[in-house]
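Every read-out reported here was derived from the displayed coordinates using simple, explicitly stated rules and does not represent laboratory data. Here the structure is a predicted model, which means the values were calculated and not measured. Here the Cβ is made from the backbone with ideal geometry for all residues, glycine too, and neighbour counts use every protein chain on show.
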Amino acid sequence: MKLKLFAAVAIIEVAAVALDWTALQWLTKPLLAPLLLLHIYKKADKSLAAALVFATLGDIALLIPGTPAFLAGMGFFLGTQLCLLTAFLKRARPPLAAVLGYAVLWAGVNALLWSRLGDLWVPVLVYSLALTAMAAAATGVSRRTAAGGALFLLSDLMIGAGAAGIELPAAGVLVMTTYAAALALIVTGSVPGPAHRLDSHEMSSPAR
């Protein structure tokens, strides 16, 4: 039931972004992570739960215009990434190929954006390192979690592109859609349950 409510709120939030209804965004965006936290509160790793608390604070901060709020939001989401990284590494070690691939991606993207970011370059460099490490670590948990980590990275990459002055078509809608999907996939792929057991079996199967 809580996942259905999360899906409904996420759809309303995406619509609010598309229509630029700020008041509705203030009602829906801060509910996304807490609804997932309610879904898992009895069986979640403490690090995963803390990640969702940080995500809630980050979502609220990013609703406020201006660079200080943007930096505060980045700080809260840095907490999210570090907590997720901790939770994932407790479960399993990621494949070396995934770590190397994400490392190359991190270096390449930062090399492309650094001259455009100005004073934001150092905060973005630090945050993106934690974000990329999280996405790499997610590959060791389950396919669902790995997909969530990749979508989280993609969502924040689009935010970074916007901060660098690169305008993408329907960027707000794409950012929110990938972010909401990322949270859902990470949570449902990282807690005990039928979907997670299936994912874990598939990842360890010789057929893969």
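Couple of notes before you dig in:
- Computed magnitude of the charge dipole of the chain (debye, nearest 20; Cβ of K, R +1, Cβ of D, E -1): 860
- Total formal charge among the other residues, if their Cβ is under 15 angstrom from that of LEU19, Lys/Arg +1 and Asp/Glu -1: -1
- Summary value for segment 2-192: 22 percent relative contact order, contacts being C-alpha pairs under 8 angstrom separated by 6+ residues.
- Environment charge of ALA161, counting only residues whose C-beta is closer than 12 Å and scoring Lys/Arg +1, Asp/Glu -1: -1
- Helix-only CD estimate at 222 nm, as mean residue ellipticity for the chain, using -39500 (n - 2.57) per DSSP H run (n ≥ 4): -27000 deg cm²/dmol
- Exposure proxy ranking for TYR127, TYR102, TYR41, based on other Cβ atoms within 10 angstrom of each Cβ and starting from the fewest, stands as TYR41, TYR127, TYR102.
- Shape call, segment 2-192: gyration tensor on alpha carbons, a/c limit 1.5: oblate
- Distance from the C-alpha centroid of segment 44-75 to that of segment 133-155: 18 Å, rounded to the whole angstrom.
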